[in-house]
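Just below is one structure, and these are the notes that go with it.
What follows is calculated from the coordinates using simple rules that are stated; it is not laboratory data. Predicted model, so just to flag it, every value in this text is computed and none were measured. Glycine also receives a Cβ, built like all others from the backbone with ideal geometry; neighbour counts cover every protein chain displayed.
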């Protein structure tokens, strides 16, 4: 069976209806993070000159650990703003940049707290090292994993947003919910066109809609009086096939970021607990020293 082909027409460029969000807050919190890290770094190099044996147990290196933990607490506020305390100021997207940049700054300051021990020197690891210094190495490893996981998640989030925005622009319908609704409407239209037609007509359309037949595939042999309706069905099925592919790409992007969250959130809970235990014990030691009880 031959199908009538449409002459290609010159189409105007599609108007962009979706875009990935941008925020100037990104640059503000990047500057704040660089400023904090710069001040601590100056203090760090001064400490190297004044301390004969620089280590996490002496000031100012011990204070760097407290500063790093303070930044971790601010970073954790993103989860509060997103899930629990929605009355906090700023948009969630703004808090996300706080979460990102201060998280990286907290790790860099933690390196200076440890004087880069076991990171840039003394590459020695043993089972006992993770509980030494009230679990300092365990806290550092937890923070490293958290920050790396967060960076991966941020990159995936940017990629996901761009994929969805591109698909929403190119399919002419929008994001997942809108595409689902359009596919449902197409299914109803195909049902109406198939009413009263031969089994070959109905089976072909049903199999394409249900995904059991690849589209395009060889059209069925039909009676002359069904050719006009089948041409309409063919055009609609073409749109259906394009939307199904667009929907799958959007769903795949969504599932990837969802899988990352299933990894990152438990890691964040465990990591925050380990970091908090180490930091609070060290702060307790500092308070006892300052009050003369140790």
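The peptide list 225-236, 59-70, put in order of mean Cβ contacts within 10 Å with the highest first, becomes 59-70, 225-236. Summary of the geometry: the range 219-248 and the range 39-74, compared by the centres of their Cα atoms, lie 69 Å apart. Modelled this way, with points 7 Å down the Cα-to-C-beta line, the labels at residue 245 and residue 31 are 4.5 nm from one another. Mean silhouette area of the range 225-294, derived from the convex hull of its C-alpha atoms and averaged over all directions, reads 6.6 nm². Model label sites at residue 214 and residue 39, defined 7 Å from Cα along the beta-carbon direction, differ in position by 6.3 nm. Between residue 228 and residue 258, the contour length at 0.36 nm per residue exceeds the Cα-Cα span by 6.3 nm. Summarised in one figure, the compactness ratio Rg/Rh of the range 152-294, Cα atoms and Kirkwood Rh, is 1.42.
For the range 176-253, the relative contact order comes to 43 percent (Cα pairs under 8 Å, sequence separation of at least 6).
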